[in-house]
1. What distance in nm separates the two pseudo spin-label positions at residue 276 and residue 195, each 7 Å out from Cα along the beta-carbon direction?
2. For a quick check: sort 89, 268 by the number of other beta carbons within 10 angstrom, fewest at the front.
3. Highest first, please rank the peptides 27-37, 187-197 by the mean number of other Cβ atoms sitting within 10 Å of their residues.
4. If the label point is 7 Å along Cα→Cβ of residue 259, which residues in the range 65-91 have backbone nitrogen under 17 Å from it?
5. Let me have the relative contact order for the range 7-323, percent, based on Cα pairs under 8 Å that are six or more residues apart.
6. When the chain is modelled as a GNM with alpha-carbon springs shorter than 10 Å, which of 316, 92, 203 fluctuates the most?
7. As a check on your grasp of the helix formula, calculate [θ] at 222 nm for the chain: sum -39500 (n - 2.57) over DSSP H runs of n ≥ 4, divide by the residue count, round to the nearest 500.
8. Please state, as a whole number in µm²/s, the translational diffusion coefficient that the Stokes-Einstein equation yields for the range 40-149 at 10 °C and 1.306 mPa s, with Rh defined as the Kirkwood radius across alpha carbon pairs.
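We did not get these values from a lab; they are worked out from the coordinates using the rules stated. Everything numeric here is computed off the predicted structure, so don't read it as measured data. We place every Cβ from the backbone using ideal geometry, glycine too, and count neighbours over all the protein chains shown.
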């Protein structure tokens, strides 16, 4: 760890309180290894700004999620990793039909924690597919750095998609910071089905300038009653972020587009959860491998990756907090 806390002490305390904390002079990052390895908070020390959406209630008092349950509040908060699918689907592998759960297998798994230099290593294993999934998390000044590895432990090539899933804490008038190269987006789903449905491609500029009755890249109030999930085309620029207007701070995701070629954009301005009277106000900017959210569809479209038997794939993500509005 960088300066303030002993990670050995934090790791030892996991079995008592589920929570692990990384702290340096700039950031406070909280992680729940037993609850899917969820990063539940990214707080900036200088301002006290919490950049991740917080669950109602305390995760210490929340029942651990069970495999194959729906991804809904209170679990739909913080930063999870979705693998080997995002939406529930069925795939055929060696003639066997395998059903994969909502938001993948990782968020309902317990993770083993080990100290790794100035940070930590978290590891878990697949349920329906035979793999080992690891992530290394550390702090470096104003940045949180996560390195990922998936290892295929089976004798068959394993298809997958991965998506980061950081539900961000936002207020109306906050702004999305997106690569200027995003001209068109692929619709995974949206509440305004007359405007766009699954598989449609829409002009992002058009959405901002009149197709929708508001600019979707400016956070809207809950009363807007809108939710939509979109994907970029393959990117050359691996940068995206959110500008917190009221605190004049930005959170910026940085990723290598050779490893992580797409950006998912989840906008929830009071339009989800559909069956709940209490709606979310959040944005998720999701650097991801493969699209759409369904691994089944990604295989059909040829937009997934695979890892061969006894081989592995690695990628990384950097999250940086800055003063002012980041320019990309």
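1. 2.3
2. Values: 89 19, 268 26.
Placing the least packed residue first, the sequence is 89, 268.
3. Values: 27-37: 22.5, 187-197: 16.6.
So the peptides 27-37, 187-197, ranked by packing, come out 27-37, 187-197.
4. The answer is 81-83, whose backbone nitrogens lie closer than 17 Å to the label point.
5. Numbers: 805 pairs, mean separation 56.3, N = 317.
Worked out over the range 7-323, it gives 18 percent.
6. 92
7. Values: 3 runs with 17 residues, N = 328.
Calculated from helices alone, the mean residue ellipticity at 222 nm is -1000 deg cm²/dmol.
8. Numbers: Rh = 15.8 Å.
D = 100 µm²/s.
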